[in-house]
């Protein structure tokens with residue numbers, strides 16, 4: 001079996017959490033595989049009491065509920081032993097740069113345990129995947145239509161290829177369920193433009209994704225108010241609206257925010 005050429009131990013890890021907010025959510029499970037330079041491998045997996053309720057929608061994704069972790073130690077209680085296990089190790093995982101490493105660092109900071117990443121090598125398997133297996137129009141045209149795209153970046157050639165890819169996608173996936181990155185069902189693919197629109201736009205309110213729908217409620221999707229209802233923040237903190245209207249946000253975002261404000265408060 002092919003072996004990685006390691007100078008330092010490499011820990012491949014994955015986190016299950018209460019949600020996707022680095023600042024607000026907490027770890028409920030951590031799984032690690034430590035590969036040593038000489039070839040030995042050690043596995044560890046343990047649940048963590050997040051000290052906050054696990055949202056039902058998160059439990060549906062990873063299968064971990066409040067009762068499963070109520071007797072488990074908190075992250076603060078295991079932070080020192082975990083830091084020792086990771087001492088001198090490089091880190092790897094799928095989308096670790098986007099989520100797992102920032103979340104792990106945040107938990108260590110909250111536990112007041114020193115955990116530096118500056119001197120570690122970090123390998124993101126998702127990043128390598130996207131670099132090596134292209135996800136551009138040329139690759140899509142080859143995958144779905146088994147054709148090479150000639151005159152790529154010519155507007156008409158790209159448009160014709162995109163149309164063929166769309167037709168092939170609907171033919172290939174019709175009747176299959178589509179899920180987002182959190183494992184939540186988005187829609188069943190149908191040869192219906194309304195369904196395909198819903199699959200594409202999903203829960204986005206503005207095109208920049210600064211506001212989204214969650215359980216039918218408009219919430220902010222960025223900054224200190226991420227996950228909070230838009231109308232609640234506009235009511236409690238009216239200046240936030242003015243800040244956004246003067247800030248570097250798209251005109252579309254400002255328009256949608258204004259529509260929500262007018263609908264909620266100018267009845």
So what are the radius of gyration and Dmax for the Cα set of the stretch 10-129, in Å? 14.0, 43
Spin-label point model (7 Å from Cα, Cβ direction): what's the residue 158 to residue 40 distance in nm? 5.4
Whole-number D in µm²/s for the chain (Stokes-Einstein; Kirkwood sum over Cα pairs; 37 °C, 0.692 mPa s): 148
Expressed in angstrom and ordered largest first, the alpha-carbon extents of the stretch 53-113 along the principal axes are 36, 26, 17
Separation between the residue 148 and residue 67 pseudo-spin-labels, each 7 Å from Cα along Cα→Cβ, expressed in nm? 6.1
Between residue 167 and residue 198, with labels modelled 7 Å along Cα→Cβ, what's the label distance in nm to one decimal, could you check? 2.6
What does the extension gain come out to for residue 33 and residue 109, with contour length at 0.36 nm per residue minus their alpha carbon separation? 25.1 nm
Viscosity 0.890 mPa s, temperature 25 °C: Stokes-Einstein D of the stretch 150-207 from its Kirkwood Cα radius, in µm² per second? 190
Can you tell me how the stretch 203-267 classifies by the Cα gyration tensor, rounded, prolate or oblate, using a/c under 1.5 as the rounded cut? rounded
Alpha carbon centre of the stretch 208-267 versus the stretch 144-206: separation in Å? 29
Computed over the Cα atoms, what is the radius of gyration of the stretch 14-64 divided by 2.2 N^0.38 Å, N being its residue count? 1.38
Please list log₁₀ I(q)/I(0) at q = 0.12, 0.16, 0.18 Å⁻¹ for the stretch 66-165, using the Debye equation with identical point scatterers on the alpha-carbon positions. -0.62, -0.77, -0.87
Note to self: C-alpha centroids of the stretch 86-125 and the stretch 10-28 sit apart, in Å, by 11
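Rule-based calculations on the coordinates, nothing more; no lab input. Note that the structure is a prediction, hence the values are computed from the model and not measured. Virtual Cβ from ideal backbone geometry, glycine too; neighbours counted across all protein chains shown.
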